[in-house]
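So the structure is just underneath, and the comments pick up after that.
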Amino acid sequence: MSVRVTVVCSARFHHFDLARQLSKRDMLVKFFAGYPGWKLRGEDLPSEKVVTFPWFTTPYMALSRWGMLKEPLQRELAWAAHEALDTYVSRRLPECDVLFVLSGSGLRSFRVASRLGIRTVCDRGSSHIRYQEAILKEEFSQWGERFPGIDPRFIAKEEAEYEAADIITVPSEFARNSFVEMGVSPLKLRKAPYGVDLRCFEKTCDPEKGGFDVLFVGQVSFQKGVPYLLKAFEGLRHSRKCLRIVGPMQPEMERYLKRYPPAGKVEILGAMPQKELKNVMSRSHVMVLPSVEEGLALVQAQAMACGCPVIGTTNTGASDLFTDGVEGFIVRPRDPCAITERLQLMADDPEQRNRISENALKRVAGMGGWDDYGARISEILAGMTESHVDL
C-alpha cells in the first residue's frame with residue numbers, strides 16, 4: 001500500500017514538480033496551493049486533488065508586477081499569505097499518512113497532524129533560516145549596505161516548524177550542513193536534491209573562437225555574490241573578454257554598481273525568457289555562480305546541458321550536481337582570486353575547457369530529472385511510515 005501524502009505550498013518553487021511525482025505514484029491525496037487556479041493550468045495535476053487558496057498571493061503577485069509592492073506592505077502581505085494558508089489547511093486537513101509542507105506555511109497544520117497521528121515533513125529549500133539571516137547580514141555589511149532582515153515572525157515560526165516536524169528535507173549538502181551547524185540533529189535531516197527539467201536546454205552553438213565570454217544567470221544581488229564575480233572578472237587577463245549578467249537587478253546592487261562601476265566589457269542584460277537562455281549559455285565559454293547562500297541552484301545544470309562549464313561555490317549546491325575539476329569547478333564563497341584562477345585556466349587552455357564542456361554534457365545526460373527526485377522523496381516517505389524508530 002502506497003503512502004498517502006498531502007502537500008502544502010504557498011508559492012511555486014519545486015512543489016508543483018513534487019505534486020506531479022507523487023500523483024504519478026498514486027501517493028497524492030491533496031495539493032494545497034497558495035497560487036491562483038489559472039496559474040496551475042497546464043501543470044498536469046488532477047484537478048480533484050488540487051485546492052487553491054489565492055486570496056493573498058494574487059494581490060502580492062499583481063502589486064509586484066506593477067512595481068507597487070514596497071515595505072512594509074510587502075512584508076505584511078507575505079506574512080498574511082503564509083498564515084492564512086496554514087490556518088486554512090489546518091481546518092481542512094484530509095485523511096493521509098504524511099503532511100509535506102514548505103517551511104513557513106505549516107506550524108498550525110503540524111499541530112493538528114500530530115494530534116491525528118499524521119507524520120510531518122518540513123521542506124526547506126535553502127539553508128537554516130537563522131543561518132541564512134546571519135550570512136546575508138554579514139554580506140550586506142561587507143559592501144556598506146544595511147540588510148533589511150528576515151521578518152522575525154518567519155524566523156520564529158520556521159524554527160518552531162523544524163522542532164515540530166518529524167523530519168526536515170533539504171536539497172543540498174550545504175543546506176544540510178547549515179542545519180547541523182545550527183544545532184539540528186543530523187538524524188532529523190534528509191537530503192533530496194531537486195530534479196532538473198532539461199528539455200528546454202541543449203547545446204545550440206559553439207562559443208566564438210578568439211574571445212572569452214563569461215556568463216552569470218540569476219538574481220543580481222549580494223546573495224548571489226555578484227561583487228566577487230566582478231572582482232574576479234577584472235583580474236582575468238584576456239584581450240577579448242566579456243562578462244554578460246542575466247537576471248533581475250536588486251536595489252542594493254544598483255547602488256553598488258553606481259559606487260563601483262565594473263571594469264572591462266560588462267553587459268547587464270536584465271531578465272531573459274528561459275527559451276532564450278540556451279543560446280546565451282551555449283555561446284558562453286563559462287558560467288560563474290558565486291553565491292554566498294542558496295539551496296541548490298538548478299541554473300548550473302541548465303548551463304551544463306548547453307555545454308557551458310560552471311564555476312560554482314560550495315554554497316550553491318554545486319557538489320550535488322558535478323565533480324570539482326571534472327565537469328566544472330567548485331570554489332569557496334567570497335574568494336574572487338579562486339574564481340579568477342579557474343577563469344584564467346580555461347581561457348589559457350581551450351582544450352581543457354572543451355574537455356570539461358564534454359564532461360558536463362555527459363553528466364547531465366545521465367541525470368534522471370524530476371523522476372530521480374520523486375524516487376528519493378518516495379523512499380524518504382516510505383521510511384517514515386514503516387518505522388518510527390528510523391526517525
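The values are calculated or read from the model by the stated rules, or taken from the named source; none is laboratory data. Just so we're clear, the structure is a prediction, and the values are computed from it rather than from any experiment. No Cβ is skipped: glycine too gets one built from the backbone with ideal geometry, and neighbour counts run over all protein chains shown. The area values use the complete protein model at the heavy-atom level, side chains included, leaving out ligands, DNA and RNA. Shrake-Rupley method; radii C 1.70, N 1.55, O 1.52, S 1.80 Å.
Condition first: over 30 Å from residue 25 (Cβ atoms) and either surrounded by 17 or more Cβ atoms within 10 Å (Cβ to Cβ) or not β-branched (Val, Ile, Thr) (or both). Can you find one or more residues in the range 381-389 that meet it?
Checked against the condition, which is being over 30 Å from residue 25 (Cβ atoms) and either surrounded by 17 or more Cβ atoms within 10 Å (Cβ to Cβ) or not β-branched (Val, Ile, Thr) (or both), the range 381-389 yields no hits at all.
Can you name the residue in the range 5-34 that is within 21 Å of residue 87 (Cα to Cα) and charged (D, E, K, R) and, of all such residues, is least open to solvent (accessible area, probe 1.4 Å)?
This residue is 30.
Go through the range 17-47 and give me each residue that's at pLDDT 85 or above, over 15 Å from residue 101 (Cβ atoms) and in a helix (DSSP H, G or I).
Listed by number, the residues that qualify are 17, 20, 21, 23, 24, 47.
Hey, among the residues in the range 97-117 that are more than 28 Å from the chain's Cα centre (by Cα) and within 17 Å of residue 30 (Cα to Cα), which one's surrounded by the most Cβ atoms within 10 Å (Cβ to Cβ)?
112
Any idea which of (1) surrounded by fewer than 21 Cβ atoms within 10 Å (Cβ to Cβ); (2) part of a strand (DSSP E or B); (3) of a type in the set (Ser, Thr, Tyr) is the one residue 141 doesn't satisfy?
The number of the failed condition is (2).
For the range 35-43, state whether one or more residues are under 25 Å from residue 248 (Cα atoms), open to solvent by 30 Å² or more (accessible area, probe 1.4 Å), without any contact (Cβ under 8 Å) to a residue 12 or more places away in the chain and of a type in the set (Phe, Trp, Tyr).
For the range 35-43, residues under 25 Å from residue 248 (Cα atoms), open to solvent by 30 Å² or more (accessible area, probe 1.4 Å), without any contact (Cβ under 8 Å) to a residue 12 or more places away in the chain and of a type in the set (Phe, Trp, Tyr): present.
Only one of these is charged (D, E, K, R) and touching a Pro at 6+ places or on another chain (Cβ under 6 Å): 349, 320. Name it.
Answer to the check: 320.
Tell me, which residue of the range 174-212 that is in contact with a Ser or Thr (Cβ under 7 Å, 6 or more places away or on another chain) and hydrophobic (A, V, I, L, M, F, W, C) is surrounded by the fewest Cβ atoms within 10 Å (Cβ to Cβ)?
Among those residues, the one meeting the criterion is 205.
Where in the range 245-314 are there strands (runs of 3 or more DSSP E), lying fully within it, with 2 or more residues that are within 30 Å of residue 70 (Cβ to Cβ) and modelled with pLDDT of 95 or more?
266-270
Is at least one residue of the range 235-244 without any contact (Cβ under 8 Å) to a residue 40 or more places away in the chain, in contact with a strand residue (DSSP E or B) (Cβ under 6 Å, 6 or more places away or on another chain) and open to solvent by 10 Å² or more (accessible area, probe 1.4 Å)?
No, because not a single residue in the range 235-244 is without any contact (Cβ under 8 Å) to a residue 40 or more places away in the chain, in contact with a strand residue (DSSP E or B) (Cβ under 6 Å, 6 or more places away or on another chain) and open to solvent by 10 Å² or more (accessible area, probe 1.4 Å).
Going by what's in this entry, would residue 65 be described as modelled with pLDDT of 85 or more and either open to solvent by 70 Å² or more (accessible area, probe 1.4 Å) or of a type in the set (D, E, K, R) (or both)?
When the stated conditions are applied, residue 65 does not pass them.
Residues in the range 331-348: is at least one in a loop (DSSP other than H, G, I, E, B), surrounded by 15 or more Cβ atoms within 10 Å (Cβ to Cβ) and at pLDDT below 95?
Within the range 331-348 (the criterion being in a loop (DSSP other than H, G, I, E, B), surrounded by 15 or more Cβ atoms within 10 Å (Cβ to Cβ) and at pLDDT below 95), the answer is no, since none of the residues qualifies.
Looking at 320, 324, which one is surrounded by fewer than 24 Cβ atoms within 10 Å (Cβ to Cβ) and either within 17 Å of the chain's Cα centre (by Cα) or aliphatic (A, V, I, L, M) (or both)?
320
Enumerate the pairs (first residue in the range 140-158 and within 19 Å of residue 72 (Cα to Cα) and of a type in the set (A, V, I, L, M, F, W, C); second residue anywhere and open to solvent by 30 Å² or more (accessible area, probe 1.4 Å) and modelled with pLDDT under 95) with beta-carbon separation below 8 Å, excluding pairs fewer than 6 apart on the same chain, so at least 6 apart or on different chains.
Here the result reads 154/79; 154/82, each pair linking the range 140-158 to a residue that is open to solvent by 30 Å² or more (accessible area, probe 1.4 Å) and modelled with pLDDT under 95.
Find all pairs meeting these conditions: Cβ atoms under 9 angstrom apart; at least six residues apart or on different chains; first residue within the range 177-195 and farther than 15 Å from residue 163 by Cα; second residue part of a strand (DSSP E or B) and not hydrophobic (A, V, I, L, M, F, W, C).
191/169; 192/123; 192/169
Taking the condition of being under 14 Å from the mean Cα position of the chain (by Cα), open to solvent by less than 10 Å² (accessible area, probe 1.4 Å) and not charged (D, E, K, R), how many residues in the range 291-312 meet it?
7
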